[in-house]
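Shown next, in structure tokens, is the structure this report addresses.
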Amino acid sequence: MNVRDSEHMIAELNAQEGYELTDNPREADLIMINTCSVREKPVHKLFSELGGFNKLKKEGAKIGVCGCTASHLGKEIIKRAPYVNFVLGARNVSKIGEVIHRDKAVEIDIDYDESQFAFKDFRTSAYKAYINISIGCDKQCTFCIVPKTRGDEISIPADLIVAEALKAAESGAKEVFLLGQNVNNYGRRFSGDHEKVNFTELLRRVSTVEGIERIRFTSPHPLHMDDEFIEEFARNPKICKSMHMPLQSGSSEILKAMKRGYSKEWFLNRAAKLRAMVPDVSISTDIIVAFPGESEEDFADTLDVMRQVRFEQIFSFKYSPRPLTEAEKMTNTVDSEIGSERLSRLQAYQDTILDEITAGYLGREFDVYFEELRSDGYVAGRTDNNIVIKVKGSEEWLGKIARVRITEVSRLVQYGEIVA
Ligand code: SF4
């Protein structure tokens, strides 16, 4: 989502102000840091990065801080780093053309409505187009700062989304990536009088766009994975067979404390339905260990869900309290060393699962959409179920879909040869 926000800001700056991108901070007229605040570490990193850029920047160059940490810390950023010229919240990116002309501007209004805003065009990839389908989040997960930095959830009208997909197809992209904090809650609220369309119907409409061959999305919420959604996912050949299902914890008690709205049983039921309807589906997840109150039994429940679902990919973290959240005030915290030990155990267990899964890829054939030139004489792409595969080749393969046989497997990336 931050990548897409950056694209929006680059597009505005380019179209309205004539800015061009540079990789060299020494020659930049404007340096922007687009921040995340989901975990604590990147927030600390922000101030050291800012100090570094302040030393590097040329005379008269401006520095801006955007994104969720900008929303959260607001003018505090300028207090701590007085050389920062403006602060722009995650929900206010369309105001970029305006704030760069107001020194010390702080625009962090989380009620601001960008759902109708038609952004100019800029895409970091020629092959894949990110498209926002909603902004903000209405959930109140007790560990999460996002509703406080991105505001209430508003869906972007379906006709604007389809128009974006059409534009992407016309410019040659075969894949669209639909983005939202909670995509399958799409359609719950629009800011004006718009046709009520749910996420399943939106997927159907986007899949009618000629030239778009692959549709991905993130993140769906396990609570909203109803039968209609899973059945469309299974039936529609344009929808990539890779599903992100953020588990967070396998313990129903902890899920209740997190206010996730589903139980261990519901999650397992949805994952089993997915696996039954789409045998080749790959399922990824997010897991937090050592959330306040997590006992060894609760943690064992998380390992049990991993055993039953056999995720193809996990993003796992030790709980870190975030400001402005309910969980920050919880006093039944888990000892940090216990948390670290659980995280290592969980990751080691995932490695054994992953080794078994990837061993099963050897010799199999998949359609790969090539998107990236690697420096070592390889091109890389993804299968529809999100396996990253590298083959020997050059830019002639970029933007093409080819049949590849896997010849060598590893945890992160698979190697193969083109067979057709
Ligand atoms: S669904 Fe929960 S975890 Fe996801 S963004 Fe919303 S509040 Fe945060």
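The values are calculated or read from the model by the stated rules, or taken from the named source; none is laboratory data. All values derive from a computational prediction rather than experimental measurement. Reconstructed Cβ throughout: ideal geometry from the backbone, glycine too, with neighbour counts over all protein chains shown.
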Exercise. In region 252-285, how many are surrounded by 15 or more Cβ atoms within 10 Å (Cβ to Cβ) and in contact with a Cys (Cβ under 8 Å, 6 or more places away or on another chain)?
Worked result: 2
Exercise. Among the residues of region 312-325, is there at least one that is in a helix (DSSP H, G or I) and either over 30 Å from Val209 (Cβ atoms) or modelled with pLDDT of 95 or more (or both)?
Worked result: no
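Can you confirm whether region 297-305 contains a residue that is at pLDDT 95 or above, part of a strand (DSSP E or B) and in contact with a Lys or Arg (Cβ under 9 Å, 6 or more places away or on another chain)? Outline the logic, then answer.
Keep residues of region 297-305 that are at pLDDT 95 or above, which gives 297-305.
Those left that are additionally part of a strand (DSSP E or B): none.
No: region 297-305 contains no residue that is at pLDDT 95 or above, part of a strand (DSSP E or B) and in contact with a Lys or Arg (Cβ under 9 Å, 6 or more places away or on another chain).
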For this session: Could you figure out which of (1) under 23 Å from the mean Cα position of the chain (by Cα); (2) part of a helix (DSSP H, G or I); (3) of a type outside the set (A, V, I, L, M, F, W, C) isn't true of Gly250?
Result: (2)
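So which of Ala271, Ala290, Ala234 ends up being on the phi > 0 side of the Ramachandran plot and touching a helix residue (DSSP H, G or I) at 6+ places or on another chain (Cβ under 6 Å)? Lay out the reasoning, then the answer.
Values: Ala271 fails: on the phi > 0 side of the Ramachandran plot; Ala234 fails: on the phi > 0 side of the Ramachandran plot.
Unique residue meeting the criteria: Ala290.
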For this session: Search region 168-204 for residues being among the basic types (Lys, Arg), more than 16 Å from the ligand (Cβ to nearest atom) and not in a helix (DSSP H, G or I), and hand back the single one that is nearest to Asn2 (Cα to Cα).
Result: Lys174
Exercise. Can you find a residue in region 205-218 that is outside any helix (DSSP H, G or I), within 16 Å of the ligand (Cβ to nearest atom) and within 20 Å of Asn236 (Cβ to Cβ)?
Worked result: yes
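Taking the options Pro222, Pro237, name whichever one is within 16 Å of the ligand (Cβ to nearest atom) and either in contact with a Gly (Cβ under 8 Å, 6 or more places away or on another chain) or modelled with pLDDT of 95 or more (or both). Walk me through how you get there before you give the answer.
Values: Pro237 fails: within 16 Å of the ligand (Cβ to nearest atom).
Result: Pro222 is the single residue among Pro222, Pro237 that is within 16 Å of the ligand (Cβ to nearest atom) and either in contact with a Gly (Cβ under 8 Å, 6 or more places away or on another chain) or modelled with pLDDT of 95 or more (or both).
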Problem set entry | Test: Asn85 is over 27 Å from the mean Cα position of the chain (by Cα), assigned by TED's automatic domain parsing to the domain that holds Asn14 and not hydroxyl-bearing (Ser, Thr, Tyr) | yes
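Can you spot a residue in region 367-386 that is charged (D, E, K, R), assigned to a loop (DSSP other than H, G, I, E, B) and modelled with pLDDT under 95?
yes
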For this session: Name the residue, out of Glu175, Glu170, that is surrounded by 16 or more Cβ atoms within 10 Å (Cβ to Cβ) and either in the same structural domain as Gly381 (by TED's automatic domain parsing) or charged (D, E, K, R) (or both).
Result: Glu175
Problem set entry | Members of region 342-370 found to be over 23 Å from Tyr415 (Cα atoms) and surrounded by 15 or more Cβ atoms within 10 Å (Cβ to Cβ), listed by number | Arg342, Leu343, Leu346, Tyr349
For this session: Please state which of the following conditions Glu265 fails to meet, knowing it meets all the rest: (1) assigned to a loop (DSSP other than H, G, I, E, B); (2) under 30 Å from Thr333 (Cβ atoms).
Result: (1)
Exercise. If you take the residues in region 120-158 that are of a type in the set (Phe, Trp, Tyr) and in contact with a strand residue (DSSP E or B) (Cβ under 9 Å, 6 or more places away or on another chain), which one is farthest from the ligand (Cβ to nearest atom)?
Worked result: Tyr127
Seminar exercise, completed: Ala300 vs (1) outside the structural domain of Phe177 (by TED's automatic domain parsing); (2) over 22 Å from the mean Cα position of the chain (by Cα); (3) among the small types (Gly, Ala, Ser): all pass except (1)
Exercise. What are the residues in region 138-167 that are of a type in the set (A, V, I, L, M, F, W, C), under 17 Å from the mean Cα position of the chain (by Cα) and within 18 Å of Val3 (Cα to Cα), if any?
Worked result: Val146
For this session: Restrict the check to region 326-337 and report whether at least one residue is crowded, with 20+ Cβ neighbours inside 10 Å and in a helix (DSSP H, G or I).
Result: yes
